[in-house]
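Peer 1: This structure is in structure tokens; I'll ask about it shortly.
Throughout, read-outs are computed from the coordinates displayed, never taken from laboratory work. The structure displayed is predicted, hence computed values, not measured ones. Positions of Cβ are backbone-derived with ideal geometry, glycine not excepted, and every protein chain shown enters the neighbour counts.
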């Protein structure tokens with residue numbers, strides 16, 4: 001049994017193609033909104049981001065969408081075993097199906113650690129292919145439908161490789177969303193960024209820029225990374 005223990009909950013990853021990873025925990029720790037009472041996690045996988053947000057936002061009710069049946073069952077089990085079970089619910093369907101069935105729902109925050117290999121060769125294994133492979137039409141649907149389901153001050157948060165982030169910024173402009181925050185993620189302080197965490201909203205603001213480096217040297221985490229995740233990871 002593959003179980004990842006956090007300080008306030010645990011994630012059983014058994015049978016789930018996409019395991020707990022750095023991208024997910026970074027998004028779960030960084031994503032924010034001024035009044036996050038209704039949150040949607042698209043592509044929840046094991047449910048780790050949803051549970052991190054439930055820990056951070058004590059009044060929030062969180063809907064988690066996952067189209068892979070095995071992963072959805074895993075997330076449901078992890079939610080039920082947590083102290084946040086009454087505030088987190090998984091829906092075993094695509095985000096398109098979820099939005100179609102909940103046309104009037106609006107969220108204060110929508111988050112996603114989405115598939116990101118645009119027009120690339122599928123990875124080995126059917127479940128991992130589903131979890132990691134997407135073309136640009138996927139991101140257009142993700143951005144356009146999310147834009148329709150944000151509350152007035154709602155924020156869409158995504159973590160993406162740089163090439164995909166560039167595309168998503170262009171798509172956001174087409175669907176009435178403004179870039180509000182960019183968090184660049186670096187393996188080491190002197191390395192180029194390999195991920196961007198982007199925040200989009202309905203209102204144009206001065207864009208806030210931040211950066212995080214994960215390691216100061218091989219196998220040694222930076223103080224900023226430790227500080228960001230100290231409430232979650234048992235190693236800190």
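Peer 1: Using a Förster distance of 41 Å, how high is the FRET efficiency between residue 174 and residue 7, based on the Cβ-Cβ distance and rounded to 0.05?
Peer 2: 0.50
Peer 1: Just want to confirm a number: the relative contact order over the chain, from Cα pairs under 8 angstrom separated by 6+ residues, in percent.
Peer 2: Worked out over the chain, it gives 17 percent.
Peer 1: Next up: Would you give the gap between the C-alpha center of the range 1-77 and the C-alpha center of the range 134-209, rounded to a whole Å?
Peer 2: When both Cα centres are located, 19 Å separates them.
Peer 1: Between residue 104 and residue 58, what's the calculated FRET efficiency when r is the beta-carbon distance and R0 is 22 Å? Round to 0.05.
Peer 2: Rounded to the nearest 0.05, the efficiency is 0.30.
Peer 1: When the chain is treated as a GNM, springs tying every alpha-carbon pair under 10 Å, which of 98, 221, 212 comes out with the largest mean-square fluctuation?
Peer 2: 221
Peer 1: Starting from the 7 Å offset along Cα-to-Cβ, what nm value, one decimal, do you get for the label separation of residue 94 and residue 137?
Peer 2: According to this spin-label approximation, the distance is 0.9 nm.
Peer 1: Which semi-axes, in whole Å and largest first, does the equivalent ellipsoid of the chain have when worked out from the alpha carbon gyration tensor as the square roots of 5 times its eigenvalues?
Peer 2: So the equivalent ellipsoid measures 23, 22, 19 Å along its semi-axes.
Peer 1: Here's something else I'd like to know. Within a 10 angstrom radius of the beta carbon, how do 236, 57 rank from fewest other beta carbons to most?
Peer 2: Lowest count first: 236, 57.
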